[in-house]
1. Of all residues being outside any helix (DSSP H, G or I) and modelled with pLDDT of 95 or more in the stretch 13-26, which is nearest to residue 265 (Cα to Cα)? Just the residue, please.
2. Kindly list the number of the only condition in (1) at pLDDT 95 or above; (2) open to solvent by less than 80 Å² (accessible area, probe 1.4 Å); (3) part of a helix (DSSP H, G or I); (4) not aliphatic (A, V, I, L, M) that fails for residue 199.
3. Which residues, taken from the stretch 12-33, are under 20 Å from residue 48 (Cα atoms) and touching a Leu at 6+ places or on another chain (Cβ under 7 Å)?
4. Look at residue 281 and say whether it is more than 30 Å from residue 69 (Cα to Cα) and either assigned to a loop (DSSP other than H, G, I, E, B) or open to solvent by less than 60 Å² (accessible area, probe 1.4 Å) (or both).
5. For the subset of the stretch 30-64 comprising residues that are basic (Lys, Arg) and within 19 Å of residue 220 (Cα to Cα), which member is surrounded by the fewest Cβ atoms within 10 Å (Cβ to Cβ)?
6. Any chance you could count how many residues in the stretch 223-239 are open to solvent by 40 Å² or more (accessible area, probe 1.4 Å) and either aliphatic (A, V, I, L, M) or farther than 16 Å from residue 41 by Cα (or both)?
7. List, please: which pairs have Cβ atoms under 7 Å, are six or more places apart or on different chains, and start with a residue in the stretch 195-211 that is of a type in the set (A, V, I, L, M) and end with one that is open to solvent by less than 60 Å² (accessible area, probe 1.4 Å)?
8. Does the stretch 11-20 hold any residues that are more than 14 Å from the chain's Cα centre (by Cα), farther than 20 Å from residue 301 by Cβ and open to solvent by less than 10 Å² (accessible area, probe 1.4 Å), and which are they?
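The values are calculated or read from the model by the stated rules, or taken from the named source; none is laboratory data. Given the structure is predicted, the values throughout are model-derived calculations rather than measurements. Cβ atoms come from the backbone with ideal geometry, glycine included; neighbour counts cover every protein chain shown. For the accessible areas, the whole protein counts, side chains as well, though only heavy atoms, and no ligand, DNA or RNA atoms are used. Shrake-Rupley method; radii C 1.70, N 1.55, O 1.52, S 1.80 Å.
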Amino acid sequence: MAIETIAVVGPTASGKTKRAVSLAKAFDGEIISADSRQVYRDMTLGTGKDLEEYEEVKFHLIDICEAGEKYNLHRYLRDFNKVYTDIRERGRFPIICGGSGMYVENALNGIRMPEVPTNELLRKELEKYNLSELTQILSGYKNLHNTTDVDTLKRALRAIEIAEYYRRHPEEAETARKSSAQPLKALVIGLDIPRDLRRASITQRLRDRLEAGMIDEVRNILKNGVKPEDLIYYGLEYKFLTLYVTGYLSYEEMFSGLETAIHQFAKRQMTWFRGMEKRGIKIHWLPFDMTESEFQEEIKMMMQKEDFR
């Protein structure tokens, strides 16, 4: 069973981009980003795009929407499948790279989300309900395993809109179910970095990005019309830096709080990746500090085997 794609995963500051670029060069590939925040234009330092690392390698799903928008898994899977198919049809090799485990896992599982149009009539009918009432309505369509669909009125309305569309179009809803998906034939590589080195790398990377102008980046985004609350929505760097530039935090409070938040985020990333393994996606963990030649040779050996997933 031939491998169709390689995915490079790992916690923040583990060197995923560098490794993905190395593989793209070795296998005539192009990189598909799997990062929930690198899709936004102007949000460069805060999301750690490291665009200079790509060199001549072509990359996708970075800088594809405006800062202030609310990108989501539905849009990502739609965009991913379009790009993935295009790369394969052109005879190139797709390399998936990113730390957003939910994006990576659903893409690898072959989940395809149908395009759900806006239902203005339904929305008009739902305008009279508050968030609690909308939550109750949504629970009539499905079991609510988490609260992300109902943390705002706008999201609750959209969730009901999608659920109603699925009810009326069961044949399309089936494509969004894992049971009917066609998983990608993927070799998944995880970058294993010791916890103490990961923490040191995160702290140094944060200092470097602040020195490179991350605070000015946030100021410019706000100056260009993005509301502070919309920027805070993205969390991590954009939450703490927005609170700093708007006067709610001192520099020391911002740095300390942000450093802690990124450490916690990296821990959550690793928890997701361990969950992916429990859910059937095999991740081959390799030392983050292998030389480029060692790394490439190891991957080439793995690709000759069949039990990669």
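1. Filtering first and then ranking leaves 14.
2. Every condition holds for residue 199 apart from (2).
3. Across the stretch 12-33, the qualifying residues are 14, 15, 16, 19, 32, 33.
4. yes
5. Within the stretch 30-64, the match that is surrounded by the fewest Cβ atoms within 10 Å (Cβ to Cβ) is 41.
6. Qualifying residue count for the region: 4.
7. 202/12; 202/13; 202/262; 202/263; 202/266; 206/258; 206/259; 206/262
8. If the condition is that a residue be more than 14 Å from the chain's Cα centre (by Cα), farther than 20 Å from residue 301 by Cβ and open to solvent by less than 10 Å² (accessible area, probe 1.4 Å), then 14 is the only one that fits.
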